[in-house]
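Data block below; observations after.
The values are calculated or read from the model by the stated rules, or taken from the named source; none is laboratory data. As the structure is a computational prediction, the values presented were derived from the model and not from experiment. Because the Cβ atoms are built from the backbone with ideal geometry, glycine has one as well, and the counts that use them run over all protein chains shown. Just so you know, the surface numbers come from the protein's heavy atoms only, side chains and all, with ligands and any DNA or RNA stripped out. Shrake-Rupley method; radii C 1.70, N 1.55, O 1.52, S 1.80 Å.
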Amino acid sequence: MTTRDPLKLGIAGLGTVGAGLIQLLEVHGTKLADQLHRPVEVVAVSARDRSKDRGVSLEGLRWIDDPVALATDPGIDCFVELIGGEDGVAKRAVEAALAAGKHVVTANKALLAHHGFELAQLAEKHNVALNFEAAVAGGIPVIKTVREALVGNQVRRVSGILNGTCNYILSKMQEERSPFAEVLREAQAHGYAEADPTFDIGGFDAAHKLTLLTSLVFGTRVAFDQIHIEGIQTITDADINAADELGYRIKLLGVATLTEAGIESRVTPVMIPVETAIAGVSGVTNAVALNADFAGNLLLVGPGAGARATASAVASDIVDIAAGFVLPAFGVPSSRLKPHKSAPLSQHKGEYYVRFSAFDRPGVMAAITARMAEQEVSLDSIVQHGPRGAPGALANIVIITHETTEASIRKALEDIEADGKVAEKPQMIRIEEV
């Protein structure tokens, strides 16, 4: 078979992933060329600092300071965007590349979660690829699994551990019984969390990823603003200890479920039975569970970040383009993506864990159970821990409910808090069967 012209890459962003991609192509370039009958070559790069040592050779590559200029450079066929950020230069460069008829590969989940529909339209208009395997779950091939392997299925639910920082923190809290603030500082020291960790621990990073999975799985337009988001900042050692005692593990989970009322999508801390596979996923590892009508239940587990794993995902998208395999960004043409119809979270049904920091005095338990009964919330178990008898002493009261609605449990907790029987806002965590 005749060898075709090289696929020429321009890479914008030479952080750990960009450097990892160059290293991967150095190691496996010959093998890829043999398989594709077409070399894949990096010909130009763009980054803020030319002098920085990135551990890879940039000799012979053209350096273009402006990423937008690189995106439209006539010497490249495919623009690889590894800058990050939902707007700014990353957005301008991707738009310019697509408009110029260049294929685009990106790891930028924030950009796609906010502008994916418009960018998909632009890619289709110019008959080029917009690939983003590396934007969700690092090295796990979940985008390809949904877009290609499960194309003959209706996926009814997708859920997963989508943020390694949060999973590391919760795992360490459970394993070492260390408080949240201490484990967060440790995560920052190891480089697993940023100096400002809000984007991770607040659930926003996972929500960006869930936005993309939801669109792919259910054939809807991206709708980041429709996802209910709760972070892990309120999880305490009391919750970790209670979960362990009750046979659960706490995870930050992204969940999107197809219901009769629409799509219920949320990123929240949940309690998962300790015997389930996803409960055992610890550290910075990610996991994605898919429930499909013909394929059944699938669980994909692997590294959610890191230079090599993410570079591997970027390379897989590049190989598809080199082979001439171009699909619509979200699996179907953008004209066929349906508006996102959300199911009200108030209609969610499930079991709940609730922890009260309550004043240890007569009548408190009766008041709590009475308010639960008023909202028809049935209780499965009640456990009380903490000091007794001393004036002003607080007790931890943990309740597990039977199945109830989100609206009912929230109303009951509002009323209990208003009664003044508890010292702080009650902690509520959904219980999930994954």
For Lys411, counting only lysines whose alpha-carbon sits under 19 Å away and dropping same-chain residues fewer than eight positions off, the answer is Lys349, Lys421, Lys425
Distance in Å, no decimals, from the C-alpha centre of segment 9-65 to the one of segment 148-218 is 29 Å
In whole Hz, the Karplus estimates of ³J(HN,Hα) for segment 20-36 (6.51, -1.76, 1.60; θ = phi - 60°; x where Gly or Pro) are x, 5, 4, 5, 4, 5, 5, 6, 10, x, 5, 4, 5, 4, 5, 6, 8
Once the dipole of the chain is set up from charges on Cβ (+1 Lys and Arg, -1 Asp and Glu), the residue from the list Tyr248, Leu122, Ala373 lying farthest towards its positive end is Leu122
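Is there a quick way to get the dipole size of the chain? I mean about its Cα centre, with the Cβ of Lys and Arg at +1 and of Asp and Glu at -1; what is the value in debye to the nearest 20? Walk me through the intermediate numbers first.
Numbers: 40 positive and 53 negative charges, 140 e Å.
Once rounded to the nearest 20, the dipole reads 680 debye.
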Amide H contacts under 5 Å for Ile229, restricted to residues at least 5 apart in sequence or on another chain and with H modeled in the peptide plane, are Val267
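Please work out the Kirkwood hydrodynamic radius for segment 345-434, using every pair of different C-alpha atoms, and report it in angstroms with one decimal place.
Numbers: mean 1/r = 0.0756 Å⁻¹.
The answer is 13.2 Å.
With a 1.4 Å probe and all protein chains kept in place, how do Leu394, Leu345 rank by accessible area, largest first?
Working: Leu394 65, Leu345 35 Å².
Ranked list, largest accessible area first: Leu394, Leu345.
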For segment 1-142, the accessible surface attributable to carbon and sulfur atoms (probe 1.4 angstrom, ligands and nucleic acids excluded) amounts in percent to 48 percent
For the chain, the per residue accessible area (1.4 Å probe, Å²) is 42 Å²
Taking placed amide H atoms and a strict 5 Å upper bound, the residues 5 or more places from Ala305 or on another chain that come that close are Gly139
When the charge dipole of segment 82-215 is computed with +1 at the Cβ of Lys and Arg and -1 at the Cβ of Asp and Glu, the Cα pointing farthest to the positive end, of Val183, Val158, Ile83, is that of Val158
What the 5 Å binned alpha carbon P(r) of segment 32-135 shows, as percent of pairs per bin from 0, is 2, 12, 22, 23, 20, 13, 6, 1
Summing +1 per Lys or Arg and -1 per Asp or Glu among the other residues with Cβ less than 10 Å from Ala71's Cβ gives -2
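Would you tally the net charge around Lys8, using a Cβ to Cβ cut-off of less than 13 Å, leaving Lys8 out, and scoring K and R as +1, D and E as -1?
Working: positive: Arg4, Arg38, Arg62, Lys102; negative: Asp5, Glu41, Asp73, Asp77.
Taking every other residue near Lys8 into account, the sum is 0.
For segment 116-179, just say rounded, prolate or oblate: build the C-alpha gyration tensor, square-root its eigenvalues into a ≥ b ≥ c, call rounded for a/c under 1.5, and beyond that prolate if a/b exceeds b/c, oblate if not. Don't skip to the end; give the middle numbers.
Details: a/c = 3.54, a/b = 2.15, b/c = 1.65.
Verdict is prolate for segment 116-179.
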Long-range amide H partners of Arg62, meaning residues 5 or more apart or on another chain whose placed amide H is closer than 5 Å, are Ala44, Val45
For Lys52, the lysines lying under 29 Å Cα to Cα, once residues fewer than eight places off in the same chain are dropped, come out as Lys8, Lys91, Lys102, Lys109
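Just add up the charged neighbours of Asp205: K/R +1, D/E -1, any other residue whose Cβ is under 14 Å from the Cβ of Asp205.
Numbers: positive: Lys109, Lys209; negative: Glu86, Glu194, Asp196, Asp200, Glu230.
Result for the local shell: -3.
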Going residue by residue through segment 100-114, the Karplus relation 6.51 cos²θ - 1.76 cosθ + 1.60 with θ = phi - 60° gives ³J(HN,Hα) values, rounded to whole Hz and with x marking Gly or Pro, of 8, x, 9, 5, 10, 10, 9, 10, 8, 5, 5, 4, 6, 5, 9
Under the Karplus relation with 6.51, -1.76 and 1.60 and θ = phi - 60°, whole-Hz ³J(HN,Hα) for segment 247-253, x at Gly and Pro, equal x, 10, 10, 8, 9, 7, 10
Share of accessible surface on carbon and sulfur in segment 278-400, whole %, 1.4 Å probe and ligands ignored, is 56 percent
With every protein chain kept in place and a 1.4 Å probe, the residues Asp205, Asp225, Asp49 fall, from largest accessible area down, as Asp225, Asp49, Asp205
Rounded to the nearest 5, the percent of DSSP beta bridges in the chain running antiparallel is 70 percent
For Lys338, counting only aspartates and glutamates whose alpha-carbon sits under 18 Å away and dropping same-chain residues fewer than eight positions off, the answer is Glu118, Glu124, Asp225, Glu260, Glu264
